[in-house]
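Below is one structure; the comments refer to it alone.
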Amino acid sequence: MAKTNRDRISVGLELLSKGLVPFIEREMKSVYKDGWAEEAKIVLRGAPGEGEPNIDDPHAALILMWYRWNEVFARTLGHSDRSLVSELRDVRNRWAHMENFSTDDTYRALDSMTRLLNAVSAPEASQLGKKKDDLLRLRYDEQRRTEDRKAAVAPVQGQPAASLKPWREIVTPHPDVASGRYQQAEFAADLWQVYLGEGADEYRDPTEFFRRTFLTEGLRQLLKNAIMRLSGADGDPVVELQTNFGGGKTHSIMALYHLFSGTPASDLPGIEDLLKDVNAEVPPTVRRAVFVGTKISPGQVHKKPDGISVRTLWGEIAWQLGGKEGYELVREADETATNPGDAMRELFNR
């Protein structure tokens, strides 16, 4: 899973706190001797927003440095270092209030943390410096990709080339669009409908689905990863799909659902070529479970065809994977709406 800028700030604050604590203890002891811990508590208890004093918290560490700057920390640090303390207090507060950070803001925050750790000779400065450099490389890569996209688009901007054909001669609209029979409701992919065996053939039928689906590079990677994982080779066990609204998450999940439906790969357009890249076969029998949060109301009983009554998401998943036998493993938790704990692991192992 790709790190977000907030994740990077979290790691930075953790390293900052780890590096500052030994320095703070040493400097406070040099002034207040054995009473340094009590003095720290006095400062932190009077600070706004501070609960039980704990200098392992970056918030507390920075507050202590700020309010005892003249008495303690100005002896070894300069005015510019105090500016870093003030800036990082603001960064920590923004992070605590769940604000978003741009890439530039994140780089500046990591750079300021690194500078402050260098000022106190903390070894964590080198770790944080590497993370800052990694972010800088990512930013350069983003800029390069943006420039590449601009360069790719530039030749077709303005007046079209004389040999460029009209789009209607290249792209043929689907019959329901061309005839005016297109319905928005049918166009919207519905995973739960597919699971129930309902809806239009292009979503419900595995062969039709792949005939109508263009396998983008991202979708190819997702399918190859799943094939490798389920065939016993390398492959990520957990995949988080991160796209904007309408970015293809539901379509990607449907592709996985149909890929492991038991339909021969030869009947799924594009899949045989994909299998050549992974040098593996689609497992013939895969247990699938579908859970759509908006389709199952918590606290309500959902009757299954075999008579089982399901009340929770884990009851639903257990029934889908193992029928009555699977449900029995989580029955007590399902009926009492409590955490099934290791029962889910036993279910998956079976």
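The values are calculated or read from the model by the stated rules, or taken from the named source; none is laboratory data. Remember, it's a predicted structure, so these values are computed and weren't measured experimentally. Ideal geometry is used to build each Cβ from the backbone, glycine not excepted, and the neighbour counts take in all protein chains shown. For the accessible areas, the whole protein counts, side chains as well, though only heavy atoms, and no ligand, DNA or RNA atoms are used. Shrake-Rupley method; radii C 1.70, N 1.55, O 1.52, S 1.80 Å.
Given the -39500 (n - 2.57) contribution per DSSP H run of 4+ residues, what per-residue ellipticity at 222 nm results for the chain, rounded to the nearest 500 deg cm²/dmol? Mind showing how you got there, number by number?
Values: 18 runs with 203 residues, N = 350.
Taken over the chain, the calculation gives -17500 deg cm²/dmol.
So how do 74-84, 88-98 stack up, highest first, on mean other-Cβ count within 10 Å?
On the way: 74-84: 14.0, 88-98: 15.7.
Taking the mean over residues of other Cβ atoms within 10 Å, the ranking is 88-98, 74-84.
Taking the Cα centre of the chain as the origin, how large is its charge dipole in debye, to the nearest 20, when only Lys and Arg (+1) and Asp and Glu (-1) carry charge on their Cβ atoms?
Working: 47 positive and 53 negative charges, 144 e Å.
Approximately 700 debye in magnitude.
Helix 36-45 versus the longest principal axis of the chain: what angle, 0 to 90°, nearest 10, using Cα atoms?
That helix lies at roughly 60 degrees to the long axis.
Give me the angle, in degrees from 0 to 90, between the Cα long axis of helix 249-259 and the longest principal axis of the Cα atoms of the chain, rounded to the nearest 10.
On a 0 to 90 degree scale, this one is about 50.
In segment 1-151, what is the count of Lys pairs whose alpha carbons are under 24 Å apart, counting only pairs at least 8 residues apart or on separate chains?
12
Set the Förster radius R0 to 25 Å, insert the Cβ-Cβ distance between Lys304 and Glu346 as r into 1/(1 + (r/R0)^6), and round the FRET efficiency to 0.05.
Numbers: r = 21 Å, r/R0 = 0.82.
Efficiency, from the Cβ-Cβ distance: 0.75.
Give me the percent of accessible area attributable to carbon and sulfur for the chain, probe 1.4 angstrom.
Working: 10720 of 21600 Å².
Of the solvent-accessible surface of the chain, carbon and sulfur hold 50 percent.
Figure the gain on full extension for Arg139 and Ile296 (residue separation times 0.36 nm, minus the Cα-Cα span) and round it to one decimal in nm. Don't jump to the answer; show the numbers that get you there.
Values: separation 157, 0.36 × 157 = 56.52 nm, distance 4.18 nm.
Result: 52.3 nm gained on full extension.
Can you pull the Rg over Rh of segment 69-109, Cα-only, Kirkwood? Could the numbers behind the result be given before it?
Numbers: Rg = 12.8 Å, Rh = 11.5 Å.
Reported Rg/Rh (Cα atoms, Kirkwood Rh): 1.11.
Taking the alpha-carbon centroid of each part, what is the distance from segment 231-281 to segment 302-321 in angstrom?
26
If you take the charge dipole of segment 267-343 about its Cα centre, with +1 on Lys and Arg Cβ and -1 on Asp and Glu Cβ, which of Gly322, Val310, Leu268 is farthest toward its positive end?
The residue sitting farthest along the positive end of the dipole is Val310.
Give the dimensionless ratio obtained when the Cα radius of gyration of the chain is divided by 2.2 N^0.38 Å. Spell out each step's value before the answer.
Details: Rg = 28.8 Å, N = 350, 2.2 N^0.38 = 20.4 Å.
It is 1.41.
Sorted by packing (mean other beta-carbon atoms within 10 Å per residue), highest first, where do 112-118, 144-150 land?
Numbers: 112-118: 23.1, 144-150: 10.0.
Going from most to least packed, we get 112-118, 144-150.
Which value, in Å², gives the accessible area per residue of the chain when a 1.4 Å probe is used on the protein heavy atoms?
Working: 21600 Å² over 350 residues.
Normalised by residue count, the accessible surface of the chain is 62 Å².
Going by alpha carbons, how many degrees (0 to 90, nearest 10) lie between the helix axis of 79-96 and the longest principal axis of the chain?
Once rounded, the angle reads 40 degrees.
Test of the criteria: in segment 226-318, which chymotrypsin sites (Phe, Trp or Tyr not before Pro) are in a DSSP loop and have at most 15 other Cβ atoms within 10 angstrom of their Cβ? If you can, show how the numbers build up before the last one.
Values: sites: Phe245, Tyr257, Phe260, Phe291, Trp314; in loops: Phe245, Phe260, Phe291.
For chymotrypsin sites (Phe, Trp or Tyr not before Pro) across segment 226-318 that sit outside H, G, I, E and B with at most 15 neighbouring Cβ atoms in 10 Å, the list reads Phe245, Phe291.
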